[in-house]
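The values are calculated or read from the model by the stated rules, or taken from the named source; none is laboratory data. All of these numbers come straight from a predicted model, not from anything done at the bench. Please note: Cβ atoms are built from the backbone with ideal geometry, for glycine as well, and neighbour counts cover all protein chains shown. To get the accessible areas, we keep the full protein, side chains included, count just its heavy atoms, and leave off ligands, DNA and RNA. Shrake-Rupley method; radii C 1.70, N 1.55, O 1.52, S 1.80 Å.
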Amino acid sequence: MIRTKQFVPLKIAVMTVSDSRTEATDKSGKLLVESLTQAGHHLAEKVLVPDNIYKIREVVSRWIADESVQVVLTTGGTGVTGRDGTPEAIQPLLDKEIQGFGEIFRMISYQEIKTSTIQSRALAGVANGTYIFCLPGSSGACRTGWEQIIKDQLDLGNSPCNLVELMPRLRET
């Protein structure tokens, strides 16, 4: 790949959704923070919230109202059990859903975990000019989502196109 555009570091917030993890046991959130900083981005904030759609919405709403936060990454709560509510918390906040994200994530995951990927309700979208990516809670799924999709799309030099180059136009009406 020939790099024609300079890398632009973004401010990215990370949320772990879990009733059972603590900061000490949060491998997925830690992996996302390490991955985004190694890529050259800046951590805006990292939080751990319980599996509660209103707590999730409260934090994400604050982040999407903050113009300095450009991307939100969540991990956890995307499964199908009764407590898994991240998609239900996030979808009402979205102005646009990026449907291809979930489709590509499950396609890539199929290569790793076969049909178990149907249990993932990974999703992405845009809310108030902020990109939001909701990943499953396993560190393997977070690594897959970051390394195989998100990292390149958050790199202005990625060709033929990327999400960063669209950022100035996200709030157009």
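Could you identify which residue out of T25, T74, T37 has the top mean-square fluctuation in a GNM of the chain using Cα springs shorter than 10 Å? Of T25, T74, T37, the Gaussian network model singles out T25 as fluctuating most.
Taking the chain as a Gaussian network of alpha-carbon nodes connected by springs under 10 Å, the highest mean-square fluctuation of the residues Q70, Q99, Q111 belongs to Q111.
Between the stretch 146-172 and the stretch 28-97, the alpha-carbon centres lie 18 Å apart.
Surface exposure of the chain, expressed per residue as accessible area with a 1.4 Å probe, stands at 51 Å². Charged side chains reduced to their Cβ positions (Lys and Arg at +1, Asp and Glu at -1) give the chain a dipole of some 180 debye around its Cα centre.
Computed from backbone phi with θ = phi - 60° and the Karplus coefficients 6.51, -1.76 and 1.60, the 3J(HN,Hα) list for the stretch 161-173 is 7, 7, 6, 5, 5, 8, 3, x, 9, 5, 9, 4, 10 Hz; x is used for glycine and proline.
Across the options Q148, T78, N162, the greatest Cα extent toward the positive end of the charge dipole of the stretch 9-167 (unit charges at beta carbon of Lys, Arg, Asp, Glu) belongs to T78. The heavy atoms of L135 offer some 0 square angstrom of accessible surface to a 1.4 angstrom probe.
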